[in-house]
Protein chains: 2
Amino acid sequence: MWKIYKTDNMAKLIEEFQFCVESFHLDCTEHLSLSTLGNQMLNAAVRHAEPLGFGHKKLNDLGVTWVFSRLLIQMERYPREFDKYAIRTWIPSVSRYFTNRNFIIQDAEGSPIGYATSVWAMIDLATRQPVDITKLVPEYASAVVPPEEQPQCPVARTNRVRVTAEEPVYTFAPQFFDIDYNGHLNSIRAIEHFLNALPAEELRQHPVHRMEVAYSAEGKYHEPLGIYLSTGAEGEYAMEMRKADGTIACHCKVLL
Amino acid sequence: MWKIYKTDNMAKLIEEFQFCVESFHLDCTEHLSLSTLGNQMLNAAVRHAEPLGFGHKKLNDLGVTWVFSRLLIQMERYPREFDKYAIRTWIPSVSRYFTNRNFIIQDAEGSPIGYATSVWAMIDLATRQPVDITKLVPEYASAVVPPEEQPQCPVARTNRVRVTAEEPVYTFAPQFFDIDYNGHLNSIRAIEHFLNALPAEELRQHPVHRMEVAYSAEGKYHEPLGIYLSTGAEGEYAMEMRKADGTIACHCKVLL
């Protein structure tokens, strides 16, 4: 078991959140859907950040918000209906403009079934420009778990793959259920669209083993977006989500 | 408070399930999204049916499954981030080919903030044809709450409105994240697509007050579907989701 750190206000630096796979959290393979898992990871992140003093309500008062820069998730297996699972999360590091957050997904017995790392930036709500985290929220540094005390989070970072496709395999424009309060494409919905662009028969037979998503420009409500796909070695896919002018909104690599 | 009935195996005939609005359960208006609520209602239904002896695992062994025939939901207001809410559910009636299930959505204080009624059929997994519920599962009748003991569920059933539009306002083909195990369009995803077809600015300003959906034919993976819209009095919309040959997969009426 991990040692639990407590700050002055008793918030835990490494915290674990319990979940259960309900029937309508399943995908069509009858395993926990990756989008439900993604949302629960983000819910855990919010719940973890809140008592530490940098939940998004507090950030809102400061005129800033978190934006998702990168997510890398690696799953050995996915829980099934009525399975309990837990998400353990902590902050491994912070620099001026970025902070990381790691996750371990554990089965009912506490054994890891997946790991994830993520990178976040803090942006000014008005200008949408990055702000210096260490300056705006100096106490943030005290929430970082010292390296020697961090759980292992063995996810292999993949290499960026150039996508050479000239035609999109999938096009869409973010709709009401795709967007967040700011009218931008929700990060988990982006993942759903990326996976929707893959051959469904492949996904039905081979669950996503590793997925890396990097968000670079915000997709907007009703803005046409196209997903361009390059297929690598068996079960390996690289994709870019591009705007009409060619700007890359996000790119991702999937290994089934 | 409602009286709680118990059958021999102690399952409750009227049961209440507790939830909390997590950050990534919100829609872009920062209220609990109707699709998250819909999924939680279905999760509550499954959790309620399981100990009563007709959960879908048991039904699977019998070679049958539940299909959603109709859902009518009326919300006075939607909970917000971190709000607790409860879903109370029970079975008000059963006939040979259909059974009903009602829901009350309650705020943290137990006051109703919404109501829903639903109609379900039981179909043979192989033939996809309806089966006689009262014959296949005779004990089902004992799970029906006697009329005089039922909570009120005051949702007004709306009239069927003819949709006269000749061109769809929204087209899609169900993708990986839209489908269930059988490769059919998931009922809650159908609701998302219906609402996506409405003007988002209207939805941002006026939450869905009442929504009635009737499912008649199963939309299939990658099958092109179009949503045809007729606008009624202010805030009133009638829609049909049609297959390429004109067959109606489902229709719905929305009142904002």
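The values are calculated or read from the model by the stated rules, or taken from the named source; none is laboratory data. Model, not experiment: these values are computed from the prediction. Note that each Cβ is placed from the backbone with ideal geometry, even for glycine, and that neighbours are counted across all protein chains shown. The protein model used for the area step is the full one, side chains on, heavy atoms only, and it has no ligands, DNA or RNA in it. Shrake-Rupley method; radii C 1.70, N 1.55, O 1.52, S 1.80 Å.
Summary table below
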{"read-out": "Closest Cβ on chain B to the rotation axis that carries it onto A (distance rounded to whole Å)", "value": "B:PHE172, 4"}
{"read-out": "Derived scalar couplings ³J(HN,Hα) [the range B:20-30; Karplus, 6.51 cos²θ - 1.76 cosθ + 1.60; whole Hz; x for Gly, Pro]", "value": "9, 7, 7, 4, 9, 10, 8, 8, 6, 8, 6"}
{"read-out": "For the range B:170-255, the spread of Cα positions along each principal axis, largest first, Å", "value": "37, 24, 18"}
{"read-out": "Phi-based couplings in Hz for the range A:226-242 (Karplus 6.51, -1.76, 1.60; Gly and Pro marked x)", "value": "x, 9, 9, 10, 10, 9, x, 4, 3, x, 10, 9, 10, 9, 10, 9, 10"}
{"read-out": "Other-chain or far-sequence residues with amide H under 5 Å of A:SER33's (modelled H)", "value": "A:LEU26, A:ASP27"}
{"read-out": "12 Å reach of a label modelled at A:SER93, 7 Å along Cα-to-Cβ, counting backbone N of the range A:134-153", "value": "A:147"}
{"read-out": "Phi-based couplings in Hz for the range B:161-175 (Karplus 6.51, -1.76, 1.60; Gly and Pro marked x)", "value": "10, 6, 9, 9, 4, 9, 10, x, 8, 7, 10, 7, 10, x, 10"}
{"read-out": "Other-copy label distances relative to A:GLY183, 7 angstrom Cα-Cβ extension, nm", "value": "4.1"}
{"read-out": "Solvent-accessible area buried by pairing A with B, both sides, nearest 100 square angstrom, 1.4 angstrom probe", "value": "3700 Å²"}
{"read-out": "Estimated distance in nm for a label pair at B:ASP107 and B:ALA141, the labels positioned 7 Å out from Cα along Cα-to-Cβ", "value": "4.2 nm"}
{"read-out": "Nonlocal amide H pairs with B:LYS220, under 5 Å, H built at 1.01 Å", "value": "B:LEU185"}
{"read-out": "Carbon/sulfur fraction of accessible area - chain B, other protein chains in place, 1.4 Å, %", "value": "50 percent"}
{"read-out": "Built amide H within the under 5 Å cut-off of A:GLY114, gap 5+", "value": "A:GLU76, A:ILE105"}
{"read-out": "Whole-number Å³ per residue for the convex hull built on Cα positions in the range A:15-149", "value": "116 Å³"}
{"read-out": "The protein assembly as shown: calculated mean residue ellipticity at 222 nm from DSSP helix runs of at least 4, using -39500 (n - 2.57)", "value": "-4500 deg cm²/dmol"}
{"read-out": "Pairs of lysines in chain A (C-alpha under 21 Å apart; 8 or more residues apart or interchain)", "value": "8"}
{"read-out": "Sparsely packed chymotrypsin sites (Phe, Trp or Tyr not before Pro) within the range A:135-181, loop by DSSP, other Cβ within 10 Å at most 16", "value": "A:TYR181"}
{"read-out": "Zero-based 10 Å bins, Cα pair distances in the protein assembly as shown, whole percents", "value": "4, 18, 28, 27, 16, 6, 1"}
{"read-out": "Peptide B:173-186, shielding by other chains (average Cβ, 10 Å cutoff)", "value": "5"}
{"read-out": "Per-pair calculated FRET efficiency, R0 = 25 Å: B:ASP245 and B:HIS206 via Cβ, rounded to 0.05", "value": "0.15"}
{"read-out": "Cβ charges +1 (Lys, Arg) and -1 (Asp, Glu), total dipole of chain B, debye", "value": "660 debye"}
